[in-house]
Amino acid sequence: MAPPSRRVAFSAKAKKKQLQNKREVNRERESQGDGDFLERRKKNYVAQHLLTNDGPAAASSSTEAINLQPGRGRNVNRYNLKFHVETKEEIEARKELARQAIIPEPETGLELGTDFCFVPGLEFPQRPKWDYTLTQQMLDMKENKYFREYIDGIEKTFPLAELSYFELNLETWRQLWRVLEMADILLVVIDARFPCLLFPPSLYHYVSQQLKRDVILVFNKIDLVPASVLAAWKNYFQTQFPLLRVVFFTSLPSYNLRGGERKSGLKAQRRKGTMKMAAEGALKLLEVCEDLCGMQVDLSDWRSKILEEMASKGDDEELEIGEVIQQAKKPDVGYHQQERFQSGMLTIGCVGQPNVGKSSLINALMGKKVVSVSRTPGHTKHFQTIFLTPNVKLCDCPGLVFPSKLPRTLQVLVGSYPIAHLREPYTAVGYIGKYLNLPDLLKIEHPSGEKSNEGVEWSAYDICEGWAMKRGFMTKKAARPDVARAANHLLRLSLEGRISLYLRPPNYKAEESKWQSHPDVVEITNIQALGKNEDDGWLKAAAEADETESDENEDESGDESEDASEEDEQVPASTNKFALLEDDD
């Protein structure tokens, strides 16, 4: 066998000669009437890589891609989130609004339903009909044409200013189509703080009526919401959507944390501990799946794993929960809807919008980290298949932002848009300030120098400036308060649950006493695993336990690593049961 040939050296002189030849070729093309070849090639690249991956016609020129990665080739940024870009005039108008005094609103303003943002005509894109007589190229052309017409129809029906940011990348929607075709049971995962903003009714109707599949609504992060509010939400969704099953879940029960014990008074930020299965939520999900599967799938292995984990809660030894099994390779038959419970196998699809904790939920079901997670929306690029037991398969779909009329400030708070990419973060802080007394909660002084906050008007910009002064966020050149960095930091605190803001179902305030004594409260508290002292309040979690810090957590204005050196104060809960937890370093 001949030894491998060595690579030929490529000198700087050879590189210079190569560039000269390229420029000469471009000059010849331009002289022959071929136009500005380089400029046209640049436009083609932008159309292909920054708009959609299927050509410039699938989106308008006012589209931006999130989290672009450097590199060559079409597949580098194939699954990136893509949204419409706000105009400069819209940004300036919102900045002016952020400088106006905040007018407090009652908590009833947080009582919203699904009709608040999901309206008729804003259904999600559904895969066009196809059959095996179509070639791959014909199928791609058909889907591209459908998606182009779908986007054009929405833009003609609704003004862009009224629409939320929503996914414009066809490749990402194809991942959803694949998961829907594979799934026997569909889990729609939502953040328990904003249920009505994250559950698209069009998805429920499509799966339950056209695909004839069962839908389970999973309330994740329930440790950030009172049990009585969750009980009211369960009744609301089961009334609005009769075929819907509801399950409560948290990836951060107290036994998955260090210092998770209940204490009266001040609450400290919870730190992640040894990863274990969230057995209480997993058991509820198993019971619903057993009811839906009947005798068609044997789920005894799954039940035995959960019971073993619950029996070993007090042990220090780690129990191996779940396993990743390599699936035997099968011929590629393309996209298709499989036979339900084929060969005694249960396939559970897991879908939802970005940052609701789909991947963290799978890790908590497995009892160990099997899929990577991040606070950055769009971290999961491609659907992932994990085997919980030999006959229970989980499919994790990338987060998808469904089209809606949700205000963009609220969309930032629910985590569907990366905070680091915001061009104007102040109005989102102002929305929080309408329902929470942020100056008292943050213990900040007015930038004007007023010592007392009583009778002082605060704008969203004032709150951000006051927080920048307290935390020492200063610009490098002029040493002025870095207001943008402070706004981003406050939004991250809200996203992580350390500033607690959550929605209620319609008419919750009028029936609050009814829901506080509802039988479901005891069950929900058990899943939260918060302990016996429920009257002392609930612990605020600092995001998902195994989420990794990402580049999204760094502001353009500088590194936040200096925050760790500052001694943070703990802020007590306010009278309306909202609380902020600063870093406990």
Check: Among the candidates Arg471, Arg492, Arg480, which residue alone is of a type outside the set (A, V, I, L, M) and either closer than 18 Å to Ile419 by Cα or in contact with a Gly (Cβ under 9 Å, 6 or more places away or on another chain) (or both)?
Finding: Arg492
Next item on the list: Test each condition in (1) farther than 17 Å from Leu438 by Cα; (2) open to solvent by 20 Å² or more (accessible area, probe 1.4 Å); (3) charged (D, E, K, R) for Lys470 and report the one that comes out false.
Entry: (1)
Check: Could you list, in sequence order, the residues of segment 130-155 that are open to solvent by 40 Å² or more (accessible area, probe 1.4 Å), closer than 18 Å to Glu181 by Cα and touching a residue at least 60 places away in the same chain (Cβ under 8 Å)?
Finding: Trp130, Tyr132, Gln136, Asp140
Notebook entry, point to check: Just a yes or no: is a residue in segment 363-385 farther than 23 Å from Leu180 by Cβ, open to solvent by less than 10 Å² (accessible area, probe 1.4 Å), at pLDDT 90 or above and in contact with a helix residue (DSSP H, G or I) (Cβ under 9 Å, 6 or more places away or on another chain)?
Noted result: no
Next item on the list: Quick one: which residue in Leu211, Leu252, Leu180, Leu224 is at pLDDT below 95 and more than 21 Å from the chain's Cα centre (by Cα)?
Entry: Leu211
Margin query: Looking at Asp140, Asp152, Asp115, can you tell me which residue is in a helix (DSSP H, G or I) and closer than 30 Å to Ile432 by Cα?
Written below: Asp115
Notebook entry, point to check: Condition test on Val483, is it crowded, with 19+ Cβ neighbours inside 10 Å and under 15 Å from Ile102 (Cβ atoms)?
Noted result: no
Note to self: What's the total number of residues in segment 463-521 that are within 24 Å of the chain's Cα centre (by Cα) and of a type in the set (A, V, I, L, M)?
What the structure shows: 10
Margin query: Looking for something within 19 Å of the chain's Cα centre (by Cα), assigned to a loop (DSSP other than H, G, I, E, B) and surrounded by 15 or more Cβ atoms within 10 Å (Cβ to Cβ) - is there at least one such residue anywhere in segment 426-435?
Written below: no
Item checked: When residues of segment 280-324 are limited to those that are part of a loop (DSSP other than H, G, I, E, B), out of contact with any helix residue (DSSP H, G or I) (no Cβ under 7 Å at 6 or more places or on another chain) and open to solvent by less than 60 Å² (accessible area, probe 1.4 Å), the one modelled with the highest pLDDT -> Gly294
Next item on the list: Considering only segment 85-112, state which residues are of a type outside the set (Val, Ile, Thr) and not in a helix (DSSP H, G or I).
Entry: Glu86, Arg99, Gln100, Ala101, Pro104, Glu105, Pro106, Glu111, Leu112
Check: Applying the selection to segment 119-129, what residues are within 13 Å of Ile154 (Cα to Cα) and open to solvent by 20 Å² or more (accessible area, probe 1.4 Å)?
Finding: Val119, Pro120, Gly121, Glu123
Check: Before we move on, is Met345 modelled with pLDDT of 80 or more and within 31 Å of the chain's Cα centre (by Cα)?
Finding: yes
Margin query: So the check is Cβ under 6 Å with 6+ separation or different chains; which pairs have a first residue in segment 159-188 that's within 16 Å of Ser208 (Cβ to Cβ) and a second one that's of a type in the set (D, E, K, R)?
Written below: Asp184/Arg340; Ile185/Asp214; Leu186/Arg213
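The values are calculated or read from the model by the stated rules, or taken from the named source; none is laboratory data. Just so we're clear, the structure is a prediction, and the values are computed from it rather than from any experiment. When we count neighbours, we look across all protein chains shown, and the Cβ atoms used for this are built from the backbone with ideal geometry, even at glycine. The accessibility values were calculated without ligands, DNA or RNA, using every heavy atom of the protein model including side chains. Shrake-Rupley method; radii C 1.70, N 1.55, O 1.52, S 1.80 Å.
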